[in-house]
Amino acid sequence: MKTKYYYHIVTFGCQMNVHESEKLASICEKMGYALTENREDADLIIFNTCAIREGAEDRVFGNIGALKRMKKQNKDLIIAVCGCMTQKQQTADYMIKTFPFVDIVIGTFNLANFESYVEAVKHARLVKQKSRQLDLWNEGEIDESVPYLRTSGENAWVNIMQGCNNFCTYCIVPYVRGREKSRKKENILSEIREIVASGKYKKITLLGQNVNSYGKDLSPQVSFAQLLKEICAIEGDFKVWFMTSHPKDLTDEVIEVIAKEDKILKDIHLPAQSGNNRILTLMNRRYTREKYLGIIEKIRQLMPNCRITSDFIVGFPTETEEEFQDTFNLVKQVKFDSIFAFMYSPREGTVAAKMEGQIADEVKNRRVNELLNLEKKIQKEEGKK
Ligand code: SF4
(Lines give C-alpha, C1' and ligand atoms only; values in the text may rest on other atoms or scores of the structure.)
Protein backbone atom coordinates (compact mmCIF):
# COMPACT_ATOMS: atom_id res chain seq x y z
CA MET A 1 0.00 0.00 0.00
CA LYS A 2 1.24 3.41 -0.97
CA THR A 3 2.27 5.60 1.98
CA LYS A 4 3.45 8.73 0.23
CA TYR A 5 1.50 10.75 -2.32
CA TYR A 6 2.84 13.41 -4.65
CA TYR A 7 1.51 16.50 -6.42
CA HIS A 8 2.90 18.22 -9.48
CA ILE A 9 1.86 21.70 -10.65
CA VAL A 10 2.44 23.07 -14.15
CA THR A 11 2.02 26.85 -14.26
CA PHE A 12 1.47 28.82 -17.47
CA GLY A 13 1.36 32.59 -17.88
CA CYS A 14 1.91 35.54 -15.59
CA GLN A 15 3.16 36.16 -12.05
CA MET A 16 -0.42 36.15 -10.80
CA ASN A 17 -0.65 32.49 -11.86
CA VAL A 18 2.72 31.70 -10.32
CA HIS A 19 1.42 33.18 -7.06
CA GLU A 20 -1.88 31.30 -7.28
CA SER A 21 0.07 28.07 -7.79
CA GLU A 22 1.72 28.87 -4.43
CA LYS A 23 -1.77 28.77 -2.93
CA LEU A 24 -2.53 25.42 -4.63
CA ALA A 25 0.79 24.05 -3.37
CA SER A 26 -0.13 25.07 0.16
CA ILE A 27 -3.49 23.25 -0.13
CA CYS A 28 -1.83 20.11 -1.54
CA GLU A 29 0.71 20.00 1.29
CA LYS A 30 -2.08 20.45 3.85
CA MET A 31 -3.79 17.42 2.29
CA GLY A 32 -0.60 15.42 2.87
CA TYR A 33 0.81 15.43 -0.68
CA ALA A 34 4.51 16.15 -1.23
CA LEU A 35 5.88 18.05 -4.22
CA THR A 36 7.46 16.19 -7.10
CA GLU A 37 9.12 17.77 -10.12
CA ASN A 38 8.61 14.53 -12.02
CA ARG A 39 5.15 14.29 -13.60
CA GLU A 40 5.39 10.49 -13.89
CA ASP A 41 5.61 10.14 -10.08
CA ALA A 42 2.60 12.32 -9.33
CA ASP A 43 -0.73 11.20 -7.88
CA LEU A 44 -2.24 14.65 -8.41
CA ILE A 45 -1.37 16.78 -11.45
CA ILE A 46 -2.57 20.38 -11.68
CA PHE A 47 -2.43 22.61 -14.74
CA ASN A 48 -2.76 26.29 -13.85
CA THR A 49 -3.50 27.77 -17.27
CA CYS A 50 -3.22 31.09 -19.12
CA ALA A 51 -5.60 32.51 -21.74
CA ILE A 52 -3.65 35.57 -22.88
CA ARG A 53 -2.37 34.10 -26.13
CA GLU A 54 -3.67 31.40 -28.40
CA GLY A 55 -0.22 29.77 -28.47
CA ALA A 56 -0.32 29.36 -24.68
CA GLU A 57 -3.72 27.65 -24.95
CA ASP A 58 -2.47 25.25 -27.61
CA ARG A 59 0.47 24.32 -25.39
CA VAL A 60 -1.92 23.57 -22.52
CA PHE A 61 -4.10 21.39 -24.74
CA GLY A 62 -1.00 19.51 -25.94
CA ASN A 63 0.14 18.96 -22.33
CA ILE A 64 -3.27 17.76 -21.15
CA GLY A 65 -3.67 15.44 -24.14
CA ALA A 66 -0.36 13.78 -23.25
CA LEU A 67 -1.75 12.79 -19.82
CA LYS A 68 -4.24 10.34 -21.33
CA ARG A 69 -1.56 7.64 -21.45
CA MET A 70 -0.63 8.25 -17.80
CA LYS A 71 -4.26 8.04 -16.75
CA LYS A 72 -4.59 4.68 -18.53
CA GLN A 73 -1.60 3.34 -16.61
CA ASN A 74 -2.66 4.77 -13.26
CA LYS A 75 -6.41 4.85 -12.66
CA ASP A 76 -5.89 6.57 -9.27
CA LEU A 77 -4.22 9.59 -10.81
CA ILE A 78 -6.18 12.83 -10.28
CA ILE A 79 -5.86 15.49 -12.97
CA ALA A 80 -7.04 19.06 -12.34
CA VAL A 81 -7.16 22.07 -14.66
CA CYS A 82 -7.69 25.62 -13.37
CA GLY A 83 -6.65 29.18 -14.27
CA CYS A 84 -7.79 31.67 -16.89
CA MET A 85 -8.55 29.18 -19.69
CA THR A 86 -11.28 27.58 -17.61
CA GLN A 87 -12.94 30.98 -17.18
CA LYS A 88 -13.70 31.13 -20.91
CA GLN A 89 -16.94 29.30 -21.47
CA GLN A 90 -16.10 28.04 -24.96
CA THR A 91 -12.62 26.86 -23.98
CA ALA A 92 -13.91 25.21 -20.81
CA ASP A 93 -16.64 23.41 -22.80
CA TYR A 94 -14.08 22.23 -25.36
CA MET A 95 -11.74 21.03 -22.61
CA ILE A 96 -14.47 19.16 -20.73
CA LYS A 97 -15.62 17.43 -23.92
CA THR A 98 -12.20 16.67 -25.42
CA PHE A 99 -10.44 15.45 -22.28
CA PRO A 100 -12.89 13.24 -20.37
CA PHE A 101 -10.01 11.90 -18.25
CA VAL A 102 -9.55 15.30 -16.56
CA ASP A 103 -11.15 14.96 -13.12
CA ILE A 104 -11.38 18.56 -11.90
CA VAL A 105 -12.00 21.70 -13.96
CA ILE A 106 -12.35 24.82 -11.84
CA GLY A 107 -12.24 28.59 -12.31
CA THR A 108 -9.82 31.08 -10.77
CA PHE A 109 -12.36 32.06 -8.12
CA ASN A 110 -12.66 28.51 -6.78
CA LEU A 111 -9.06 27.73 -5.87
CA ALA A 112 -9.61 28.08 -2.12
CA ASN A 113 -11.99 25.10 -2.28
CA PHE A 114 -9.51 22.90 -4.10
CA GLU A 115 -9.27 20.39 -1.25
CA SER A 116 -13.02 19.73 -1.37
CA TYR A 117 -12.89 18.92 -5.11
CA VAL A 118 -10.03 16.46 -4.61
CA GLU A 119 -11.84 14.83 -1.68
CA ALA A 120 -15.04 14.62 -3.76
CA VAL A 121 -13.19 12.83 -6.58
CA LYS A 122 -11.66 10.34 -4.15
CA HIS A 123 -14.97 9.67 -2.40
CA ALA A 124 -16.89 9.22 -5.67
CA ARG A 125 -14.27 6.73 -6.90
CA LEU A 126 -14.60 4.74 -3.67
CA VAL A 127 -18.36 4.44 -4.03
CA LYS A 128 -17.99 3.93 -7.80
CA GLN A 129 -19.92 7.00 -8.81
CA LYS A 130 -19.21 9.68 -11.38
CA SER A 131 -16.27 11.55 -9.94
CA ARG A 132 -15.84 14.54 -12.21
CA GLN A 133 -15.82 17.96 -10.46
CA LEU A 134 -16.68 21.02 -12.56
CA ASP A 135 -16.97 24.44 -10.93
CA LEU A 136 -16.37 27.27 -13.29
CA TRP A 137 -17.43 30.91 -13.20
CA ASN A 138 -18.17 32.07 -9.69
CA GLU A 139 -16.99 35.62 -9.14
CA GLY A 140 -16.78 36.15 -5.39
CA GLU A 141 -14.83 37.84 -2.65
CA ILE A 142 -11.06 37.56 -2.53
CA ASP A 143 -10.15 34.53 -0.46
CA GLU A 144 -8.06 35.30 2.62
CA SER A 145 -8.27 31.87 4.20
CA VAL A 146 -5.51 29.91 2.47
CA PRO A 147 -1.84 30.73 3.09
CA TYR A 148 0.76 30.59 0.32
CA LEU A 149 3.65 28.19 0.05
CA ARG A 150 6.16 30.73 -1.22
CA THR A 151 8.45 29.36 -3.91
CA SER A 152 10.18 32.40 -5.43
CA GLY A 153 13.37 32.56 -3.38
CA GLU A 154 13.94 35.92 -1.70
CA ASN A 155 10.97 37.45 -3.47
CA ALA A 156 7.52 37.24 -1.90
CA TRP A 157 4.53 37.91 -4.16
CA VAL A 158 1.64 39.73 -2.51
CA ASN A 159 -1.62 39.99 -4.37
CA ILE A 160 -3.25 43.36 -3.64
CA MET A 161 -6.17 43.14 -6.04
CA GLN A 162 -7.68 41.00 -8.75
CA GLY A 163 -9.60 41.60 -11.95
CA CYS A 164 -9.61 44.57 -14.29
CA ASN A 165 -12.17 47.19 -15.33
CA ASN A 166 -10.31 48.56 -18.32
CA PHE A 167 -11.42 46.41 -21.23
CA CYS A 168 -8.48 47.18 -23.50
CA THR A 169 -9.92 45.95 -26.77
CA TYR A 170 -7.22 43.31 -27.37
CA CYS A 171 -7.28 41.80 -23.89
CA ILE A 172 -9.19 38.83 -22.49
CA VAL A 173 -8.35 39.49 -18.82
CA PRO A 174 -11.52 41.38 -17.76
CA TYR A 175 -13.60 38.54 -19.21
CA VAL A 176 -11.73 35.80 -17.38
CA ARG A 177 -10.70 37.55 -14.15
CA GLY A 178 -13.80 39.64 -13.56
CA ARG A 179 -14.03 43.23 -12.30
CA GLU A 180 -11.44 44.91 -10.06
CA LYS A 181 -11.57 43.85 -6.44
CA SER A 182 -9.07 45.18 -3.93
CA ARG A 183 -7.97 43.35 -0.83
CA LYS A 184 -8.51 45.21 2.41
CA LYS A 185 -5.48 47.32 3.31
CA GLU A 186 -5.25 45.76 6.80
CA ASN A 187 -5.03 42.25 5.32
CA ILE A 188 -2.26 43.27 2.94
CA LEU A 189 -0.31 45.01 5.69
CA SER A 190 -0.59 42.09 8.08
CA GLU A 191 0.53 39.64 5.34
CA ILE A 192 3.56 41.86 4.67
CA ARG A 193 4.36 42.17 8.38
CA GLU A 194 4.43 38.36 8.57
CA ILE A 195 6.63 38.11 5.48
CA VAL A 196 9.08 40.64 6.89
CA ALA A 197 9.07 39.03 10.36
CA SER A 198 9.95 35.64 8.81
CA GLY A 199 13.29 37.17 7.77
CA LYS A 200 13.34 35.04 4.59
CA TYR A 201 12.45 37.65 1.97
CA LYS A 202 14.34 40.69 0.75
CA LYS A 203 11.84 41.79 -1.88
CA ILE A 204 8.06 42.10 -1.83
CA THR A 205 6.32 42.34 -5.18
CA LEU A 206 2.78 43.69 -5.12
CA LEU A 207 0.61 42.09 -7.80
CA GLY A 208 -2.49 43.22 -9.61
CA GLN A 209 -3.67 43.61 -13.20
CA ASN A 210 -3.82 47.36 -12.61
CA VAL A 211 -2.19 48.19 -9.27
CA ASN A 212 -2.60 51.94 -9.73
CA SER A 213 -6.34 51.70 -9.34
CA TYR A 214 -5.97 49.83 -6.04
CA GLY A 215 -8.55 50.75 -3.40
CA LYS A 216 -11.06 52.59 -5.59
CA ASP A 217 -13.63 49.90 -4.83
CA LEU A 218 -13.01 49.89 -1.07
CA SER A 219 -15.10 51.82 1.39
CA PRO A 220 -13.62 54.09 2.55
CA GLN A 221 -11.42 54.35 -0.53
CA VAL A 222 -7.66 53.89 -0.16
CA SER A 223 -5.24 55.12 -2.80
CA PHE A 224 -2.31 53.08 -4.08
CA ALA A 225 -0.02 55.88 -2.87
CA GLN A 226 -1.43 55.52 0.64
CA LEU A 227 -0.96 51.75 0.57
CA LEU A 228 2.66 52.15 -0.54
CA LYS A 229 3.36 54.65 2.25
CA GLU A 230 1.95 52.33 4.89
CA ILE A 231 3.89 49.34 3.55
CA CYS A 232 7.10 51.38 3.68
CA ALA A 233 6.36 52.32 7.29
CA ILE A 234 6.68 48.65 8.29
CA GLU A 235 10.03 48.23 10.00
CA GLY A 236 12.51 45.83 8.44
CA ASP A 237 15.06 45.30 5.73
CA PHE A 238 13.08 44.82 2.50
CA LYS A 239 12.40 46.41 -0.87
CA VAL A 240 9.04 46.86 -2.56
CA TRP A 241 8.22 46.53 -6.22
CA PHE A 242 4.89 46.30 -8.02
CA MET A 243 3.30 45.31 -11.29
CA THR A 244 1.44 46.12 -13.48
CA SER A 245 0.91 49.86 -13.83
CA HIS A 246 -1.58 51.46 -16.18
CA PRO A 247 -0.54 54.94 -17.42
CA LYS A 248 -4.07 56.31 -17.10
CA ASP A 249 -4.08 55.61 -13.36
CA LEU A 250 -0.46 56.37 -12.43
CA THR A 251 -0.85 59.56 -10.41
CA ASP A 252 1.74 62.21 -9.57
CA GLU A 253 1.25 61.23 -5.94
CA VAL A 254 2.33 57.65 -6.62
CA ILE A 255 5.42 58.87 -8.50
CA GLU A 256 6.25 61.19 -5.58
CA VAL A 257 5.92 58.34 -3.07
CA ILE A 258 8.19 56.09 -5.19
CA ALA A 259 10.76 58.91 -5.33
CA LYS A 260 10.60 59.59 -1.59
CA GLU A 261 10.52 56.11 -0.10
CA ASP A 262 13.88 54.31 0.03
CA LYS A 263 12.17 50.95 0.32
CA ILE A 264 10.53 51.23 -3.13
CA LEU A 265 12.71 50.07 -6.01
CA LYS A 266 13.27 52.78 -8.59
CA ASP A 267 12.07 50.54 -11.36
CA ILE A 268 8.77 51.19 -13.11
CA HIS A 269 7.17 48.98 -15.73
CA LEU A 270 4.74 51.17 -17.62
CA PRO A 271 3.17 49.51 -20.69
CA ALA A 272 2.66 52.09 -23.46
CA GLN A 273 1.39 49.59 -26.09
CA SER A 274 1.48 52.21 -28.89
CA GLY A 275 2.87 55.66 -29.57
CA ASN A 276 0.00 56.68 -31.82
CA ASN A 277 -3.14 58.35 -30.49
CA ARG A 278 -5.56 56.81 -32.99
CA ILE A 279 -4.31 53.31 -32.18
CA LEU A 280 -4.38 54.04 -28.44
CA THR A 281 -8.03 55.05 -28.81
CA LEU A 282 -8.80 51.89 -30.79
CA MET A 283 -7.09 49.91 -28.03
CA ASN A 284 -9.26 51.73 -25.47
CA ARG A 285 -6.18 52.62 -23.44
CA ARG A 286 -7.63 56.00 -22.37
CA TYR A 287 -4.41 58.03 -22.44
CA THR A 288 -2.58 59.82 -25.21
CA ARG A 289 1.01 59.75 -26.37
CA GLU A 290 1.40 63.22 -24.81
CA LYS A 291 0.05 62.10 -21.44
CA TYR A 292 2.38 59.07 -21.50
CA LEU A 293 5.40 61.24 -22.28
CA GLY A 294 4.34 63.64 -19.51
CA ILE A 295 4.44 60.77 -16.99
CA ILE A 296 7.92 59.74 -18.17
CA GLU A 297 9.09 63.33 -17.80
CA LYS A 298 7.75 63.54 -14.26
CA ILE A 299 9.44 60.23 -13.33
CA ARG A 300 12.77 61.37 -14.77
CA GLN A 301 12.53 64.79 -13.08
CA LEU A 302 12.12 63.20 -9.65
CA MET A 303 14.23 60.09 -10.24
CA PRO A 304 16.80 60.60 -12.99
CA ASN A 305 18.17 57.07 -12.50
CA CYS A 306 14.83 55.29 -12.36
CA ARG A 307 14.72 52.21 -14.59
CA ILE A 308 11.75 52.40 -16.94
CA THR A 309 10.50 49.47 -19.01
CA SER A 310 7.49 49.07 -21.26
CA ASP A 311 5.34 46.79 -23.42
CA PHE A 312 4.33 47.41 -27.03
CA ILE A 313 1.89 45.73 -29.37
CA VAL A 314 2.67 46.16 -33.06
CA GLY A 315 0.36 45.46 -35.98
CA PHE A 316 -2.86 46.27 -34.14
CA PRO A 317 -5.76 46.17 -36.65
CA THR A 318 -5.55 49.05 -39.18
CA GLU A 319 -2.15 50.27 -37.88
CA THR A 320 -0.50 52.09 -40.79
CA GLU A 321 3.21 52.41 -41.43
CA GLU A 322 3.15 56.05 -40.21
CA GLU A 323 1.33 55.02 -37.05
CA PHE A 324 3.92 52.34 -36.37
CA GLN A 325 6.59 55.00 -36.86
CA ASP A 326 4.97 56.96 -33.98
CA THR A 327 5.59 53.92 -31.76
CA PHE A 328 9.12 53.58 -33.12
CA ASN A 329 9.82 57.25 -32.41
CA LEU A 330 8.37 57.04 -28.91
CA VAL A 331 10.78 54.19 -28.10
CA LYS A 332 13.62 56.23 -29.62
CA GLN A 333 12.66 59.30 -27.61
CA VAL A 334 12.14 57.65 -24.21
CA LYS A 335 15.14 55.30 -24.45
CA PHE A 336 13.59 52.65 -22.22
CA ASP A 337 15.86 50.40 -20.20
CA SER A 338 14.07 47.46 -21.74
CA ILE A 339 10.94 46.77 -23.77
CA PHE A 340 8.76 43.79 -24.54
CA ALA A 341 7.39 44.00 -28.07
CA PHE A 342 4.63 41.68 -29.23
CA MET A 343 2.93 41.13 -32.55
CA TYR A 344 -0.79 41.71 -32.13
CA SER A 345 -2.61 38.40 -32.04
CA PRO A 346 -6.42 38.30 -32.01
CA ARG A 347 -8.04 36.77 -28.94
CA GLU A 348 -11.44 35.30 -29.57
CA GLY A 349 -14.05 37.08 -27.46
CA THR A 350 -12.32 40.49 -27.52
CA VAL A 351 -13.46 43.56 -29.46
CA ALA A 352 -10.25 43.85 -31.49
CA ALA A 353 -10.52 40.29 -32.79
CA LYS A 354 -13.61 41.35 -34.73
CA MET A 355 -12.07 44.55 -36.12
CA GLU A 356 -11.56 44.90 -39.83
CA GLY A 357 -8.10 45.68 -41.17
CA GLN A 358 -6.15 42.86 -39.49
CA ILE A 359 -2.48 43.22 -40.41
CA ALA A 360 -0.57 40.52 -42.29
CA ASP A 361 1.85 38.44 -40.22
CA GLU A 362 4.90 39.38 -42.29
CA VAL A 363 4.21 43.08 -41.67
CA LYS A 364 3.80 42.50 -37.93
CA ASN A 365 6.96 40.44 -37.92
CA ARG A 366 8.96 43.18 -39.65
CA ARG A 367 7.62 45.84 -37.29
CA VAL A 368 8.36 43.86 -34.15
CA ASN A 369 11.91 43.21 -35.36
CA GLU A 370 12.42 46.91 -36.16
CA LEU A 371 11.36 47.79 -32.63
CA LEU A 372 13.55 45.15 -31.01
CA ASN A 373 16.55 46.16 -33.14
CA LEU A 374 16.00 49.74 -32.08
CA GLU A 375 15.94 48.65 -28.45
CA LYS A 376 19.23 46.79 -28.90
CA LYS A 377 20.81 49.85 -30.52
CA ILE A 378 19.63 52.12 -27.70
CA GLN A 379 20.93 49.75 -25.05
CA LYS A 380 24.30 49.60 -26.79
CA GLU A 381 24.55 53.38 -26.97
CA GLU A 382 23.38 53.86 -23.39
CA GLY A 383 25.78 51.11 -22.26
CA LYS A 384 28.67 52.99 -23.88
CA LYS A 385 27.71 56.11 -21.97
S1 SF4 B 1 -5.39 47.05 -18.22
FE2 SF4 B 1 -5.98 46.39 -20.27
S3 SF4 B 1 -4.28 45.02 -20.85
FE4 SF4 B 1 -4.18 45.22 -18.62
S5 SF4 B 1 -5.39 43.52 -17.83
FE6 SF4 B 1 -6.78 45.27 -17.97
S7 SF4 B 1 -7.76 45.07 -19.98
FE8 SF4 B 1 -5.94 43.73 -19.99
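Just for the stretch 140-159: of the residues that are of a type in the set (A, V, I, L, M, F, W, C) and assigned to a strand (DSSP E or B), which one is farthest from the ligand (Cβ to nearest atom)? Steps first, answer last, please.
Our first condition is that a residue be of a type in the set (A, V, I, L, M, F, W, C); within the stretch 140-159, this holds for 142, 146, 149, 156-158.
After this cut, where a residue has to be assigned to a strand (DSSP E or B) as well, the list is 156-158.
Working: Ala156: 22, Trp157: 17, Val158: 18 Å.
The residue in question is Ala156.
Restricting to the stretch 266-298, give me the number of residues that are in contact with a Cys (Cβ under 7 Å, 6 or more places away or on another chain) and crowded, with 19+ Cβ neighbours inside 10 Å.
The number of residues fulfilling the criteria is 3.
Out of the residues in the stretch 253-279 that are part of a loop (DSSP other than H, G, I, E, B) and touching a Leu at 6+ places or on another chain (Cβ under 8 Å), which is farthest from the ligand (Cβ to nearest atom)?
Ranking the candidates gives Glu261 first.
Looking only at residues that are in a loop (DSSP other than H, G, I, E, B) and within 8 Å of the ligand (Cβ to nearest atom) in the stretch 160-183, which one is modelled with the lowest pLDDT?
Across the stretch 160-183, the extreme among qualifying residues is Ile172.
Can you find even one residue in the stretch 71-88 that is within 18 Å of the chain's Cα centre (by Cα), of a type in the set (Ser, Thr, Tyr), within 16 Å of Ile172 (Cβ to Cβ) and in a helix (DSSP H, G or I)?
yes
Would you say Thr350 is outside the structural domain of Val176 (by TED's automatic domain parsing), of a type in the set (Ser, Thr, Tyr) and surrounded by 15 or more Cβ atoms within 10 Å (Cβ to Cβ)?
Spelling it out, Thr350 is indeed outside the structural domain of Val176 (by TED's automatic domain parsing), of a type in the set (Ser, Thr, Tyr) and surrounded by 15 or more Cβ atoms within 10 Å (Cβ to Cβ).
If I filter the stretch 324-338 for residues that are hydroxyl-bearing (Ser, Thr, Tyr) and free of Cβ contacts under 8 Å to residues at least 12 places away in the same chain, do I get at least one hit?
Looking for residues that are hydroxyl-bearing (Ser, Thr, Tyr) and free of Cβ contacts under 8 Å to residues at least 12 places away in the same chain, one finds none in the stretch 324-338, hence no.
I want to confirm something. Restricting to the stretch 244-260 and keeping residues that are out of contact with any helix residue (DSSP H, G or I) (no Cβ under 6 Å at 6 or more places or on another chain) and among the β-branched types (Val, Ile, Thr), which single residue is nearest to Asn17 (Cα to Cα)? Give the steps one after another, and end with the answer.
Filtering the stretch 244-260 for residues out of contact with any helix residue (DSSP H, G or I) (no Cβ under 6 Å at 6 or more places or on another chain) gives 244, 248, 251-252, 256, 258, 260.
So of that shortlist, the ones also among the β-branched types (Val, Ile, Thr) come out as 244, 251, 258.
Working: Thr244: 14, Thr251: 27, Ile258: 26 Å.
Per the stated criteria, the residue is Thr244.
Taking the stretch 217-252 only, how many residues are free of Cβ contacts under 8 Å to residues at least 60 places away in the same chain, farther than 22 Å from Glu297 by Cα and more than 16 Å from the ligand (Cβ to nearest atom)?
19
The values are calculated or read from the model by the stated rules, or taken from the named source; none is laboratory data. Fair warning: this is a prediction, and the values are worked out from it, not measured in the lab. FYI the Cβ positions are ideal-geometry reconstructions off the backbone, even for glycines, and counts take in every protein chain you see.
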